[in-house]
1. Where in the stretch 79-179 are there trypsin sites (Lys or Arg not before Pro) that are in a DSSP coil and have at most 15 other Cβ atoms within 10 angstrom of their Cβ?
2. Using a cut-off of 19 Å between alpha-carbon atoms, which lysines can reach Lys107, once sequence neighbours fewer than 8 places away in the same chain are excluded?
3. Below 8 Å, C-alpha to C-alpha, sequence gap of six or more: please give me the relative contact order for the chain in percent.
4. Which is the longest stretch in the chain that no exposed loop site breaks, taking sites as GluC sites (Glu not before Pro) with a DSSP loop state and at most 15 other Cβ atoms within 10 Å?
5. Which whole-angstrom value gives the distance between the alpha carbon centres of the stretch 234-302 and the stretch 111-128?
6. Name the residue farthest towards the positive end of the dipole of the chain from the options Pro233, Gln83, Met42, assuming +1 on Cβ of Lys and Arg, -1 on Cβ of Asp and Glu, about the Cα centre.
7. Taking the Cα atoms only, what angle lies between the long axis of helix 13-22 and the longest principal axis of the chain, rounded to 10 degrees?
8. So which lysines can Lys217 reach, going by Cα to Cα under 21 Å and dropping same-chain residues fewer than 8 places off?
Amino acid sequence: MQPAFRTIRRFYFILSLAMIVIAPTSQAVQSPFDTLIEKIMMEYPALQGNIQSDIINGQTVFFADTKEAGSLLVSEFIVKTLQDNYQKGQSSVLGLATGSTPLIVYKNLVTAFQNGALSTQNLTTFNLDEYLGLAANHPASYAFFMYQNLFQYLDISDERIHIPSAPPKKTDESIAEYQQLLGQTQRDIQLLGLGKNGHIAFNEPGSPATSRTRLVKLDESTRIANSRYFESPEQVPEHAITMGIADILESKINIIMAWGEGKAEAVKRAITGPISSDCPASFLQQHNKTIWFIDQKAGKML
Ligand code: GLP
């Protein structure tokens with residue numbers, strides 16, 4: 001984005017937000033999503049100078065000046081969605097992601113819970129993926145990550161937490177069970193991060209749109225990127241279990257976040273590139289409620 005254009009858009013933030021609210025597809029229909037975002041923006045004046053919005057290739061994209069501002073908008077959106085369901089006596093289902101990208105969102109959710117702004121009694125969660133062969137107490141496992149960063153602070157029982165796992169010799173049964181549970185419910189929101197190679201969850205390039213929860217071989221680039229969480233690159237498992245693209249597209253809303261320059265090319269390919277297995281995140285273009293929350297650095301190629 002050109003600096004001058006960015007400045008103009010900053011002035012016209014409210015106007016552009018109103019355009020999303022009032023006329024997302026040239027029709028004066030305000031969706032619950034738009035209403036909620038508008039409400040959050042009004043509640044947090046600090047967000048107003050720090051977040052711009054746009055519709056690019058049919059997808060809503062929020063550009064945040066910082067990942068903190070973007071994460072605040074995401075976490076408030078989650079809190080308000082869950083609280084709305086809670087107040088109506090309805091349950092909520094949240095799809096969760098791992099990696100560094102959602103960390104501030106999880107911190108904010110914990111704070112909201114501790115302040116009494118969020119109840120998790122009616123909440124069920126489904127995580128996107130897990131390394132094959134890592135026990136839940138392995139420090140690099142996603143089960144451990146989720147416990148450390150979120151679950152240990154919330155009021156949520158183990159039965160309502162779902163993380164793909166594959167006990168030795170029971171991989172097929174475990175995947176089938178996870179898929180069955182996932183299919184029995186619809187997620188209100190699926191959180192996603194983005195791999196530099198365009199992956200979502202562990203759906204690596206080559207993953208078809210019809211893919212379901214399955215065992216996958218990790219790309220070497222993914223193993224290298226994720227080796228920072230392990231003592232040495234050789235310790236990164238070669239395989240993982242991941243929700244499939246078709247599973248991800250079944251969530252009512254997909255929220256995908258990306259922070260930092262390292263994600264800029266993947267963001268561009270995913271939002272503006274052809275819909276293709278070469279960039280699995282591009283399949284999100286087929287979902288009518290995919291919302292991107294990115295910082296200016298991640299969006300610099302748009
Ligand atoms: C991993 C996860 C993805 C995540 C991606 C990005 O490979 N399987 O779900 O989105 O990494 O990680 P980070 O958020 O650390 O950049």
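1. Lys88, Lys169, Lys170
2. By straight Cα distance, Lys107 reaches Lys67, Lys80.
3. Relative CO of the chain lands at 19 percent.
4. Here the longest segment lacking exposed loop sites spans 1-230.
5. So the separation of the two Cα centres works out to 25 Å.
6. It is Met42, whose Cα lies furthest towards the positive end.
7. 70 degrees
8. Lys169, Lys170, Lys196
Read the figures in this text as sums done on the coordinates, not as results from a lab. In this text the structure is predicted, and so the values were computed from the model without any measurement. FYI the Cβ positions are ideal-geometry reconstructions off the backbone, even for glycines, and counts take in every protein chain you see.
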